[in-house]
Structures are given as C-alpha cells and as structure tokens.
Amino acid sequence: MRVVLDTNVLVAALLTQGTPPGQLYAAWHGKQIVLCSCERQLEEINRVTRRPYFKTRLAPGVAGRMINDIRALALMCDPLPGVTRSPDPDDDFLLAAAQAAHAGYLVTGDKSGLLSLKRHGITRILTARALLKLLD
C-alpha cells in the first residue's frame, strides 16, 4: 500500500512516538506500508525542523536521520507533475507526489486544507488515525 505522509505527520512522528503519526512511521519501517516522498518534502522537513521550537525538542541529528532514511528507503517520486488544487498552494507538491506515486492514501492533519479535498485522483486523503484503522 503506497502512502504519502504529510510533512506535519512526519515531524509529529519525530516528536511523539506512540501516537498515530509515530505508529505510521513505524509501520513504514516494518514494511507494512510503502512511503512515497519527494525531494521537495525532504527540503521542507529540513527547513521546518530547524525552527527554534523543534531545535529545543529534537535531539541533534534526528531529523537528518529521517531525511536520509526517506531518501534511501522510500519511493521517491521526482520529478513531480504540475498540480494546483490544494486550498494551500504550498501543499500542492504533496498531491503531486501522491499522483506520481499512484498512492492509495495521503495522510495529513491539515483539517482546513488537504483533508477537505477528501480525494485526489485515486488517492484518498485521510488522517493518521483513519489509516491506522484501515491497517488493522
């Protein structure tokens, strides 16, 4: 099952391991799902985790290890097709990655943005908790 995890889900997985985002990240490492990503997302993870809020909450190197793991082990979907559909244009690349990967799911916590779309082509857009229920 191919899955795109929104950057907010991946960063949450770094901060809180027993929660749904952390469980999905562990499911990827346990080969229960195929994580799909792109270079733009890796750049976003790098940028976001350098903010002061995260610098005080993440041990040095944790975000870098995640980026390296994703680059080495995930299905990378570059180059991305052009997509202009998200209520937040900064999230269009996630829809493009899902489209390029033929992902079944895009997981996000973005209630007013991506979740409001419900679907993008063949990709269902849902929360981490909802995908975990499907995996059970």
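Derivation of every value follows stated rules applied to the coordinates shown; laboratory data play no part. All of these numbers come straight from a predicted model, not from anything done at the bench. No Cβ is skipped: glycine too gets one built from the backbone with ideal geometry, and neighbour counts run over all protein chains shown.
Can you list the helices (runs of 4 or more DSSP H) found entirely within the range 61-136 that contain at least 3 residues being closer than 24 Å to residue 50 by Cα?
62-73, 92-101
Checking the conditions here, which among 136, 91, 110 is among the acidic types (Asp, Glu), in contact with a helix residue (DSSP H, G or I) (Cβ under 7 Å, 6 or more places away or on another chain) and under 22 Å from residue 26 (Cβ atoms)? Reasoning before the result, please.
Numbers: 136 fails: in contact with a helix residue (DSSP H, G or I) (Cβ under 7 Å, 6 or more places away or on another chain); 91 fails: under 22 Å from residue 26 (Cβ atoms).
When all the criteria are applied, what remains is 110.
Within the range 41-52, how many residues are crowded, with 21+ Cβ neighbours inside 10 Å and assigned to a loop (DSSP other than H, G, I, E, B)?
The total comes to 1.
Is it true that some residue in the range 10-20 is of a type outside the set (Ser, Thr, Tyr), under 10 Å from the mean Cα position of the chain (by Cα), closer than 15 Å to residue 97 by Cβ and surrounded by 13 or more Cβ atoms within 10 Å (Cβ to Cβ)?
yes
Would you please name the residue that is farthest from residue 134 (Cα to Cα), looking only at residues in the range 23-40 that are part of a loop (DSSP other than H, G, I, E, B) and touching a helix residue (DSSP H, G or I) at 6+ places or on another chain (Cβ under 7 Å)?
Residues of the range 23-40 that are part of a loop (DSSP other than H, G, I, E, B), as a first pass: 30-33, 38.
Narrowing the set further to residues that are touching a helix residue (DSSP H, G or I) at 6+ places or on another chain (Cβ under 7 Å) leaves 32-33, 38.
Numbers: 32: 12, 33: 12, 38: 24 Å.
Applying the filter and picking the extreme gives 38.
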